[in-house]
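Just below is one structure, and these are the notes that go with it.
Bear in mind these aren't lab numbers, they're just calculated from the coordinates by the rules spelled out. Just so we're clear, the structure is a prediction, and the values are computed from it rather than from any experiment. Quick reminder, even Gly has a Cβ in these numbers, built from the backbone with ideal geometry, and neighbours come from all protein chains shown.
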Amino acid sequence: MKKTRLAGALLAGVLAFTGVPAIPGTSAPFAVTAEAASAKLAAPANVKAAASGTTVKLTWSAVKGADAYRIYQLDAASGEYKTLKNVAKTSTSIKNLAKGTYKFRVAALVKSGSKLKAQTKSAVVSAKVTGAASSSSAGLVKFPAFGTTGKKAVSALGIKNAQYTKQTEQGVTMGVYVGTIKLNGSDCVACVLEDKNGKYFAAAVIIDQNAMTFADAYKKAKASLGETTMNMDMLGMSMYMWMNQKTEESYMLMGADSEGTSFAIYYAMSYKYAPDELKKNGTGSLEGIDLSSITGLIA
């Protein structure tokens with residue numbers, strides 16, 4: 001586990017989050033608000049959800065007068081439909097899903113000044129994902145959706161021979177599952193972190209150099225996550241970070257390629273499900289997470 005200790009020390013030393021401030025809204029006069037409400041667009045019709053592997057594709061009919069569309073996904077923990085993303089077309093794909101049944105709704109959006117306002121939501125559509133959520137021979141790690149139990153996350157990732165311990169790092173007690181997953185035919189150390197109530201909120205995989213170089217891991221992560229939010233180089237190591245303020249999730253890839261050797265750690269975390277003790281403020285964003293506690297457990 002020497003690599004994990006190195007990763008924990010480096011992550012604890014260089015990671016820092018910066019939240020994105022909210023843009024304050026403006027109140028519309030009552031008459032305008034009432035008029036807009038009475039002219040709401042109809043809900044999208046013919047909404048369909050089709051699952052293939054770890055991806056669900058949503059399609060629907062265009063709504064006359066719509067400027068865009070908003071996708072909502074059922075959050076199992078709260079029982080509420082929460083915004084997943086906005087799209088311009090009448091179809092979209094949700095990728096890297098763990099096994100399970102997912103429910104969605106769609107609403108048309110209309111421009112109101114500089115904002116997009118949601119109209120009537122569609123009926124609920126569901127899709128059952130049966131494809132493996134663990135890594136395929138061609139891709140990087142597919143982390144399961146946060147908020148499930150640690151045991152289910154271990155199963156979804158395909159972790160073998162997982163050992164479980166409860167550890168306390170800087171006053172925060174969490175559960176840690178550690179085992180191995182197969183990535184391109186090679187065994188890679190993987191861990192899942194859960195809070196004291198058994199809720200999964202973070203995971204990490206140490207990518208063996210026989211499975212993939214750090215450069216290749218970065219290409220695959222960028223292909224699925226898009227442009228990075230933050231880049232950093234320190235002590236001969238590179239770190240790439242993808243932060244999504246809307247979903248309150250972050251993904252990190254850290255490592256280096258040098259002299260025929262490669263080291264990489266791929267890490268995912270949810271602010272929403274992280275233990276309260278790790279949150280230094282109540283903003284509900286990626287700001288203020290105490291990563292030293294988490295990386296201490298990975299180490």
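Points worth noting:
- Here residue 40 is the anchor, and the aspartates and glutamates within straight C-alpha reach of less than 19 Å, apart from those fewer than 8 places off in the same chain, are 67.
- Listed residue (47, 74, 101) projecting farthest to the positive dipole end of the range 41-129, Cβ model: 47
- Table column - 3J(HN,Hα) (Hz), the range 190-200, Karplus curve with 6.51, -1.76, 1.60, x for Gly and Pro: 9, 9, 10, 10, 10, 7, 5, 9, x, 8, 6
- Under the Karplus curve 6.51 cos²θ - 1.76 cosθ + 1.60, θ = phi - 60°, whole-Hz ³J(HN,Hα) for the range 97-113, x wherever Gly or Pro sits: 8, 6, 4, x, 9, 10, 10, 9, 9, 10, 9, 6, 10, 10, 6, 9, x
- Filter on 64/103; 99/160; 152/246; 85/151; 57/151 - keep pairs with C-alpha separation over 22 Å: 64/103; 152/246; 85/151; 57/151
- Between amide H atoms placed 1.01 Å from N, distances below 5 Å from residue 245 occur with no residue 5 or more places distant or on a separate chain.
- Compactness of the range 41-129, taken as the C-alpha radius of gyration over 2.2 N^0.38 Å, stands at 1.05.
- Residues 235, 193 arranged by fewest to most Cβ contacts within 10 Å: 235, 193
- Backbone geometry of the range 202-213 corresponds, through the Karplus equation with coefficients 6.51, -1.76 and 1.60 at θ = phi - 60°, to 3J(HN,Hα) couplings of 7, 7, 8, 10, 8, 7, 5, 5, 6, 7, 5, 6 Hz, x marking Gly and Pro.
- Cα centroids of the range 147-197 and the range 204-228: 20 Å apart.
- Using the Cβ-Cβ distance between residue 103 and residue 68 with R0 set to 22 Å, the FRET efficiency works out to roughly 0.55.
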